[in-house]
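Heads up: the structure comes next, in structure tokens.
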Protein chains: 2
Amino acid sequence: MTVVSNKGIILKETPKGIPKVDEHFELVHRTIDIENLKLGENEVVLKNMYLSLDPYIRPVILSNPASVGKIVFGYGLSKVVKSNNPNYKVEDLVYASTANIGWEEYSHFKSDAAFTLKHVNKELLKDTPLNHHISLFNVGGLTAYAPLMSIGEPKEGETIFISTAAGSIGQIVGQIAKIKGLRVVGSTGSDEKVDFLLNELKFDAAFNYKKIGIDKGLSKHCPNGIDIFYDNVGGETLDITIDHCSRFARIIMCGMTSQYNITNPEEKYKFKNIDKVFLKQIRMQGFSAPQYKGTDFEKACRRDLAEWVRAGKLIYKEDVSVGIENVAKGFVDMLNGKNIGKAVAKLSD
Amino acid sequence: MTVVSNKGIILKETPKGIPKVDEHFELVHRTIDIENLKLGENEVVLKNMYLSLDPYIRPVILSNPASVGKIVFGYGLSKVVKSNNPNYKVEDLVYASTANIGWEEYSHFKSDAAFTLKHVNKELLKDTPLNHHISLFNVGGLTAYAPLMSIGEPKEGETIFISTAAGSIGQIVGQIAKIKGLRVVGSTGSDEKVDFLLNELKFDAAFNYKKIGIDKGLSKHCPNGIDIFYDNVGGETLDITIDHCSRFARIIMCGMTSQYNITNPEEKYKFKNIDKVFLKQIRMQGFSAPQYKGTDFEKACRRDLAEWVRAGKLIYKEDVSVGIENVAKGFVDMLNGKNIGKAVAKLSD
């Protein structure tokens with residue numbers, strides 16, 4: 001069995017609006033002969049175990065015409081199965097950055113790209129489940145923790161509102177905020193997810209924005225205003241929430257999922273409430289997780305999240321699509337808000 | 001001469017758009033008998049020397065229906081001429097907050113309001129001109145310095161863009177930024193003010209936005225992007241400038257003069273570029289000077305500004321209207337952008 005299946009998923013065309021599985025993606029059947037593959041200096045072959053299915057893939061990768069006809073770029077957790085690189089041994093578990101691996105079963109790292117692989121923390125692996133390492137102990141955890149601490153500066157007794165609260169990042173933000181003594185309110189898109197937020201994550205309040213809308217939801221559940229808004233949605237959700245913010249509120253701009261599927265700039269949302277950012281002395285700040293690499297926030301994040309997971313104070317819910325055949329569906333479902341928790345694809349054990 | 005003139009200016013009606021001198025204001029002739037005036041406990045009588053004519057008076061005071069038919073609330077520098085308060089002696093120079101004094105020659109402080117009066121720094125008065133104490137060594141200086149340092153976090157070599165750069169606050173911000181080694185670019189509304197910025201304040205670049213527009217002005221004068229934007233204008237100026245900001249830029253929201261004269265909410269400017277605050281990891285933050293009172297920023301501000309003025313590194317240009325009769329005209333001219341430097345009214349020596 002030296003030749004094995006190496007199926008992958010190709011982008012057929014750049015989508016307008018939310019992509020459709022059959023229209024925009026194609027499963028291609030390929031093989032890879034690992035044993036006889038000749039590796040150049042420093043090259044490695046990875047068996048991809050988990051792919052992380054994240055909203056940013058939509059605007060960053062799928063909108064790029066250069067992506068058409070190629071395996072979709074991915075990001076995930078992989079195992080080294082062949083190596084000609086002294087830094088990576090067979091069986092090592094590594095994170096591969098976007099543009100290094102793709103939506104495929106195996107990835108052959110050419111040239112020096114392998115140097116961008118990062119080892120999974122072995123110490124932490126001993127007493128935490130592997131699937132927590134895809135995102136929680138990696139970019140996802142950092143994306144939640146670092147801006148919440150550095151931009152949000154949470155104080156006990158304050159109220160935080162989180163949009164897409166049952167998603168990949170929202171669930172971590174909410175639980176950290178609970179641990180820090182805040183009143184935590186979340187919006188999400190189904191009653192099932194409201195239950196998850198209230199009963200599993202122990203949010204103080206949660207509402208289905210599709211039923212009551214953001215404005216009414218906030219009037220009801222944040223009657224005394226919002227001190228921190230962790231936003232994944234942008235657009236009208238952000239605009240309305242500005243109106244509900246208290247003086248000196250902090251708005252952490254983590255994403256703009258409402259805008260990712262808009263291709264015509266004229267359709268972009270126009271904000272009415274920016275004068276209130278000024279009038280209420282609000283701080284509104286965008287970030288990207290890599291800016292925290294190597295900072296004290298990253299160190300504290302790794303330490304605190306591991307401690308909270310071990311102590312049972314923080315859970316991490318995943319929505320797993322199994323097999324390369326289901327990656328595109330899992331991704332599109334996530335864009336349509338069908339996931340509860342972090343959307344991942346599991347390709348192998 | 002125990003009875004003296006105490007003319008004042010009354011708001012006739014709340015204006016729509018920019019107020020007009022004759023339509024919205026009325027000079028009223030009153031007198032005050034200082035010698036025979038009986039003061040209650042803690043009361044004082046002030047002779048108002050300077051009034052500070054600031055844009056915020058338009059939305060905060062003139063738009064308030066409760067202001068109609070009354071002396072316009074003011075803010076300024078006054079001299080105690082009669083006192084029944086142990087904290088204030090005759091001849092003391094004090095700052096009176098908005099709502100305590102008004103656009104009038106004398107103000108009689110009733111009840112305990114006098115306790116909100118603040119003494120002018122006597123030490124600093126010894127070797128600095130009195131008119132610098134109206135704003136530069138008071139709220140104006142703090143408004144420029146504290147957010148520039150705390151929100152802007154200026155670094156040598158960065159580019160700062162300042163809107164209404166030849167105004168009250170812009171001129172201070174620009175000079176501080178020069179002292180800190182930044183490249184300083186300003187927009188303003190006349191060629192005369194462009195000259196002032198380039199030749200007197202030594203800005204690196206300045207342009208007349210009425211001639212070339214903000215977008216073209218920034219393309220020309222900030223070809224490598226903007227690291228700090230100190231904004232007094234809001235609306236379209238802010239929106240366009242977001243587009244010219246660099247990654248990790250800081251936007252200091254000091255005012256929204258473009259929006260103050262809008263009374264119909266439908267006419268408020270709608271922002272197109274807020275997604276770029278997220279995409280470029282920009283920090284956008286409103287502030288009001290009082291939030292810095294008692295902080296280290298305030299202490300550093302007092303120390304640095306005094307040192308720079310004494311060393312001749314910082315000048316402070318004023319646009320002075322003389323006499324109570326000219327207060328309304330000076331204020332309206334300021335709203336119309338006719339002032340170069342800080343608009344003040346001088347009521348007495």
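If the condition is being assigned to a loop (DSSP other than H, G, I, E, B), within 25 Å of A:Val309 (Cβ to Cβ) and not basic (Lys, Arg), then the stretch A:173-231 contributes A:Gly181, A:Leu182, A:Leu201, A:Phe203, A:Asp204. Does A:Glu104 count as touching a strand residue (DSSP E or B) at 6+ places or on another chain (Cβ under 7 Å) and either touching a residue at least 60 places away in the same chain (Cβ under 8 Å) or not acidic (Asp, Glu) (or both)? Taking the combined requirement at face value, the residue satisfies it.
Those strands (runs of 3 or more DSSP E) of the stretch B:61-109 in which 1 or more residues are within 20 Å of B:Thr14 (Cα to Cα) and of a type in the set (A, V, I, L, M, F, W, C) occupy B:73-83, B:93-102. Here the condition is being within 11 Å of chain A (Cβ to nearest Cβ) and under 25 Å from the mean Cα position of the chain (by Cα); of B:Gln281, B:Gln259, it holds for B:Gln259 alone. Applying the criterion of being modelled with pLDDT under 95 and farther than 15 Å from B:Leu279 by Cβ to the residues of the stretch A:251-274, the residue that is surrounded by the most Cβ atoms within 10 Å (Cβ to Cβ) is A:Asn261. Restricted to the stretch A:302-317, and to residues there that are assigned to a loop (DSSP other than H, G, I, E, B) and touching a residue at least 40 places away in the same chain (Cβ under 8 Å), the residue that is farthest from the other protein chains (Cβ to nearest Cβ) is A:Lys313. The number of residues in the stretch A:1-18 being over 21 Å from the mean Cα position of the chain (by Cα) and surrounded by 18 or more Cβ atoms within 10 Å (Cβ to Cβ) comes to 4. Is it true that B:Ser52 is modelled with pLDDT under 90, of a type in the set (S, T, N, Q), assigned by TED's automatic domain parsing to the domain that holds B:Phe331 and closer than 27 Å to B:Asn232 by Cα? No: the conditions fail for B:Ser52. Residues in the stretch B:269-278 that are within 7 Å of another protein chain (Cβ to nearest Cβ), touching a residue at least 12 places away in the same chain (Cβ under 8 Å) and not aromatic (Phe, Trp, Tyr): B:Lys272, B:Ile274, B:Val277.
Criterion first (within 23 Å of B:Ser107 (Cβ to Cβ) and of a type in the set (D, E, K, R)) does B:Lys346 satisfy it? So B:Lys346 fits the description; yes.
Every test in (1) under 23 Å from B:Val320 (Cα atoms); (2) surrounded by fewer than 19 Cβ atoms within 10 Å (Cβ to Cβ); (3) within 23 Å of the chain's Cα centre (by Cα) is passed by B:Lys70 save one, and that test is (1). Would you be able to say whether some residue in the stretch B:110-129 is assigned to a loop (DSSP other than H, G, I, E, B), in contact (Cβ under 8 Å) with a residue 60 or more places away in the chain, of a type in the set (Val, Ile, Thr) and crowded, with 24+ Cβ neighbours inside 10 Å? No, that holds for no residue. Within the stretch B:171-186, being surrounded by 24 or more Cβ atoms within 10 Å (Cβ to Cβ) and within 22 Å of B:Thr295 (Cα to Cα) holds for B:Ile172, B:Val173, B:Ile176, B:Ala177.
Of all residues in the stretch A:236-250, at least one satisfies being surrounded by 18 or more Cβ atoms within 10 Å (Cβ to Cβ), touching a residue at least 60 places away in the same chain (Cβ under 8 Å) and over 30 Å from A:Val332 (Cβ atoms).
Among the numbered conditions (1) closer than 30 Å to B:His24 by Cβ; (2) part of a helix (DSSP H, G or I); (3) in contact with a Phe, Trp or Tyr (Cβ under 9 Å, 6 or more places away or on another chain); (4) at pLDDT 95 or above, the only one that B:Ser321 does not meet is (2).
In the set (1) within 26 Å of A:Asn264 (Cα to Cα); (2) over 18 Å from the mean Cα position of the chain (by Cα); (3) within 11 Å of chain A (Cβ to nearest Cβ); (4) not charged (D, E, K, R), the condition left unmet by B:Gly234 is number (2). When A:Gly217, A:Gly213 are checked against the criterion of being buried (at least 16 other Cβ atoms within 10 Å of the Cβ) and at positive phi, a single residue qualifies: A:Gly213. Here are the criteria: (1) out of contact with any strand residue (DSSP E or B) (no Cβ under 6 Å at 6 or more places or on another chain); (2) assigned to a helix (DSSP H, G or I). Tell me which single one B:Gly255 does not satisfy. Here B:Gly255 clears every test but (2). Evaluated against (1) more than 14 Å from chain B (Cβ to nearest Cβ); (2) over 30 Å from A:Ser63 (Cβ atoms), A:Phe248 falls short on exactly one condition, (1). In this structure, does B:Gly189 turn out to be in the same structural domain as B:Ala146 (by TED's automatic domain parsing), of a type in the set (Gly, Ala, Ser) and touching an Asp or Glu at 6+ places or on another chain (Cβ under 9 Å)? For B:Gly189, the condition - in the same structural domain as B:Ala146 (by TED's automatic domain parsing), of a type in the set (Gly, Ala, Ser) and touching an Asp or Glu at 6+ places or on another chain (Cβ under 9 Å) - is not met.
For the stretch B:32-46, the set of residues classified as out of contact with any Ser or Thr (no Cβ under 6 Å at 6 or more places or on another chain) and assigned to a strand (DSSP E or B) consists of B:Ile32, B:Val45, listed by residue number. Among residues of the stretch B:84-96 that are under 16 Å from B:Ile134 (Cβ atoms), those with a beta-carbon under 6 Å from a residue that is of a type in the set (S, T, N, Q) and part of a strand (DSSP E or B) at least six positions away or on a different chain give the pairs B:Val94/B:Ser78; B:Ala96/B:Ser78. Look through the stretch B:284-301, keep the residues that are part of a loop (DSSP other than H, G, I, E, B) and modelled with pLDDT under 95, and return whichever of them is nearest to the other protein chains (Cβ to nearest Cβ). The residue in question is B:Ser288.
Being assigned by TED's automatic domain parsing to the domain that holds A:Ile226, in a loop (DSSP other than H, G, I, E, B), charged (D, E, K, R) and surrounded by 20 or more Cβ atoms within 10 Å (Cβ to Cβ), is that true of even one residue in the stretch A:148-155? Checked the stretch A:148-155: no residue is assigned by TED's automatic domain parsing to the domain that holds A:Ile226, in a loop (DSSP other than H, G, I, E, B), charged (D, E, K, R) and surrounded by 20 or more Cβ atoms within 10 Å (Cβ to Cβ).
The values are calculated or read from the model by the stated rules, or taken from the named source; none is laboratory data. Being a predicted model, the structure only gives us computed values, none of them experimental. All Cβ positions, even for glycine, are placed from backbone atoms using ideal geometry, and neighbour counts span all protein chains on display.
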